[in-house]
Amino acid sequence: EKGGFDSFMLKEIFEQPQAIRDTIGSRIDLDEKKVVLPELKMSDAQLASYDRIYIIACGTSMHAGLVGKDVIEKLTRIPVEVAVASEFRYRDPIYTDKTLMIVISQSGETADTLAALREAKKSGVTVMAITNVVGSSVAREADEVLFTWAGPEVAVASTKAYTSQVAALYMFALYLSQIKGTQSAEQIAEIVDHLLELPGQISQILADADHVRQYAERIKDVTSLFFIGRSLDYAVSLEGSLKLKEISYIHSEAYAAGELKHGTLALIEEDVPVIALATQPDIYEKMVSNIVEVKARGAHVLGFAFAGDNDLIKTVDQVVYVPKTLPLLAPILTVIPLQLLAYYTSAARGLDVDKPRNLAKSVTVE
Ligand code: M6R
């Protein structure tokens, strides 16, 4: 049932090209190069009327939400707030009749996420769910559902669900920008073209998995490491760090690179591994300055860049290159080597990759 792989996690990592294809395929009109969401019950006018969006989720699903926030805000200019469900549900949130709530849950059964959904509905807020399980509580109780078509995810560490959630959020953001007219047809078509290339690009990254395996050997015995990035790269850093600590039990922290000098830089010393994501052109130079800061303290830096970037290697020790796409779509590609890194590090430490200690696949108690 693991399809020739030695763990469900590795199998699910390799299923990502298909999961993305299935999640975006039926929602892209290839002739018109635009997004269609026939499953939405509300009218376009209703959808266009929201002026504020909350994205509520836990763990990896919340990290997908952070990517979604940036993408929705960039494409539609609607303010989006992301919060973890366990905080949000007790927060007495501010709702208006123009508030939309999006809950994201792979399982559709996470107790805190479900509770946040129910609280919002009680207050009359429209809730849209992004979930992977048809018939789950979240799918049944939400007003609207966008399914991720990732197939069953068995490993506790979420991989294909995350990339599929991000893909579904791209679909939603594009659709919203179409009906609000915040992006031109050409801009939408350009993003759609690049989205369609993602599955093949993920396959390319997977074919080069060995590169990441070697780096896992290097970090498998360290006690601590850091992930840094800015904007979308920061959102992905959080996910890379969670994945690594969850299954390898190595302490790691993700930091918005510009925040380092407000405390965390004190922990950077000789040979501390730092994984630095640098795919976003608008803050690239700032990111390089932050890398120089950690290098100056002796950090060993693994950089992440787009293929064709010949500059980053001048500042870091090693680079993982991902195929070139639009900066907006980088998260779906950069997260793949980070998932592989978590997997290979856990495997090199002889741990149970699929069932990490203390954790459950679906957290149905608060
Ligand atoms: O099923 P959900 O998406 O609601 O689960 C949320 C989190 O429990 C989940 O993403 C968790 O963080 C993963 N084990 C991380 O890999």
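Please determine, by comparing only the residues of region 71-116 that are assigned to a strand (DSSP E or B) and away from the ligand (no atom under 16 Å from the Cβ), which one is farthest from residue 360 (Cα to Cα). So that I can check it myself, show each step before the final result.
Of the residues in region 71-116, the ones assigned to a strand (DSSP E or B) are 80-84, 99-105.
This time we only want the ones that are away from the ligand (no atom under 16 Å from the Cβ), so: 80-81, 99-100.
On the way: 80: 29, 81: 27, 99: 32, 100: 30 Å.
Selected residue: 99.
Just the residues that are in contact (Cβ under 8 Å) with a residue 40 or more places away in the chain and either touching a strand residue (DSSP E or B) at 6+ places or on another chain (Cβ under 7 Å) or surrounded by 24 or more Cβ atoms within 10 Å (Cβ to Cβ) (or both), please, taken from region 77-95. Can you show your working first?
Pass one, region 77-95, residues in contact (Cβ under 8 Å) with a residue 40 or more places away in the chain: 77-78, 86.
Answer for region 77-95, where residues must be in contact (Cβ under 8 Å) with a residue 40 or more places away in the chain and either touching a strand residue (DSSP E or B) at 6+ places or on another chain (Cβ under 7 Å) or surrounded by 24 or more Cβ atoms within 10 Å (Cβ to Cβ) (or both): just 78.
The rows are residues; the columns are (1) out of contact with any helix residue (DSSP H, G or I) (no Cβ under 7 Å at 6 or more places or on another chain); (2) crowded, with 20+ Cβ neighbours inside 10 Å; (3) at pLDDT 95 or above.
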residue	(1), (2), (3)
203	no, no, yes
227	no, yes, yes
241	yes, yes, yes
253	no, no, yes
256	no, no, yes
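On the basis of being under 20 Å from residue 231 (Cβ atoms), buried (at least 21 other Cβ atoms within 10 Å of the Cβ) and of a type outside the set (Ser, Thr, Tyr), does residue 53 make the cut?
Numbers: under 20 Å from residue 231 (Cβ atoms): yes; buried (at least 21 other Cβ atoms within 10 Å of the Cβ): yes; of a type outside the set (Ser, Thr, Tyr): yes.
When the stated conditions are applied, residue 53 passes them.
Applying the criterion of at least 2 residues that are over 19 Å from residue 30 (Cβ atoms), within 14 Å of the ligand (Cβ to nearest atom) and within 17 Å of the chain's Cα centre (by Cα) to the helices (runs of 4 or more DSSP H) found wholly in region 137-238 leaves 160-180.
Say whether the condition of being within 16 Å of the ligand (Cβ to nearest atom), free of Cβ contacts under 8 Å to residues at least 24 places away in the same chain and closer than 19 Å to residue 366 by Cβ is met by at least one residue in region 60-69.
We begin by selecting, within region 60-69, every residue within 16 Å of the ligand (Cβ to nearest atom); these are 60-68.
Filter again for free of Cβ contacts under 8 Å to residues at least 24 places away in the same chain, leaving none.
Within region 60-69 (the criterion being within 16 Å of the ligand (Cβ to nearest atom), free of Cβ contacts under 8 Å to residues at least 24 places away in the same chain and closer than 19 Å to residue 366 by Cβ), the answer is no, since none of the residues qualifies.
Restricting to region 1-41, and then to whatever is hydrophobic (A, V, I, L, M, F, W, C) and outside any helix (DSSP H, G or I), can you tell me which residue is surrounded by the most Cβ atoms within 10 Å (Cβ to Cβ)? Looking at residues that are hydrophobic (A, V, I, L, M, F, W, C) and outside any helix (DSSP H, G or I), I get 35.
The values are calculated or read from the model by the stated rules, or taken from the named source; none is laboratory data. Note that the structure is predicted; figures quoted are calculated from it, not measured. Cβ: placed from backbone, ideal geometry, glycine included. Neighbour counts: every protein chain shown.
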